[in-house]
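Reading through the structure tokens given below for one structure.
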Amino acid sequence: MQSIRSLPVPRACRCVRPAPAPRFPGGRSLPIALGRLRDLHTSPPRSSHENPLGLPRRNANPPPTMPRRGAPPQKSRIKGVEKIIVVASGKGGVGKSTVAANLALSLLHSPPASMGRTPRIGLLDLDIFGPSVPKLMGLEDAGAPELGPGNKLIPLQNHGVKTMSIGYLLPPNPAHDTPVAWRGMMVMKAVQQLLFDVDWTSSNGEAPLDALVIDMPPGTGDIQISLGQLVSVDGAVIVSTPQDVALVDARKGVAMFEKVDIPIIGLLLNMSHYTCTSCSVPHELFGSSASFERAASDLQLDVLGKIPLVTQVSDGGDAGRPVMVQSGKEGGEVRETMKSVGEGVWEWLGSRKTDSGQVVGTRG
């Protein structure tokens, strides 16, 4: 194996060419003292449109089939993955990444009785511009992932869950604040590489993942649409907070997934209430949950759970210890809720057959 950071540097991305340098009268070039400003309009020199993650060339994957007229693109399964669950929200800041990490751990620790063993679970971070999985899973300083024999990324693992994120591939930075300043084409190719160029079985004969949880970026843009068009997703969990401003965007997320034929497992209310430690009375700090329940009823979707507001959730996430791997009494209510959510997701997955309508095989 070799580290991805030891690979040859691909050519620079030339999708956006800098404007000609302005000239003084007489044809002399204007000295550019602030030349670094050009970095805001060009991609990093290590990346290219076809290979933004800088991976070695591999011919295992044919390009996805994208019909030009009429028919939708053909979907595929991800190699080494049995079930795919996306965690999404129309609105940013509702705790979606924290929910995704804790859902992955809940699936790990709450398998169906029929499985008879500990499941194999993965967590994929598809938020290119704001990856949170490295921080939440305690892998922020784990270094770059290795490359397997097939030039595929080997996931980093902690708390029993395999993970992958573009955050692992950014240049080392003690402050962990390196931005990803890419435009659409680079982003979309990076998404395809994260989807299909990760070895979830680590190339050593391991069995495939029983479930892969995908943490989606907020919104209903290119990444969500591309995922729905290229990958056969088993189901989506939509996260919202009680405010109407979040619920409006949650409804949009549901509508978008329906358009790309991704089934909705249900709605999950985050930061539902705060239970006072002195009076044991739940206080709905961000508004009544009635609007959330009404939205679920209107959309004919199940309410998977209502997660309370607990400091151990945010403190644990910052420390790389999600609440599902903690044992303190204060996080007990959240753990019980997420355990129920995990059991509900397993039950939902077990009741459905993999859609074979447009699935044409496996990529990866």
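Bear in mind that the values in this text are calculations on the coordinates, not laboratory data. A quick note: this is a predicted structure, and the numbers were derived from the prediction, not measured.
Observations
- DSSP-defined beta bridges in the range 77-352 - what % are antiparallel, rounded to 5: 20 percent
- Considering only the Cα atoms of the range 285-351, their convex hull presents on average a projected area of 5.8 nm².
- Remark: for residue pairs Lys259/Lys353; Lys75/Lys162; Lys91/Lys152, the C-alpha separation exceeds 28 Å in Lys91/Lys152.
- Hz values of 3J(HN,Hα) by residue in the range 302-317 - Karplus curve (6.51, -1.76, 1.60), Gly and Pro given as x: 6, 8, 6, x, 10, 8, x, 8, 9, 5, 5, 5, 6, 4, x, x
- Table column - 3J(HN,Hα) (Hz), the range 190-196, Karplus curve with 6.51, -1.76, 1.60, x for Gly and Pro: 4, 4, 4, 5, 5, 6, 10
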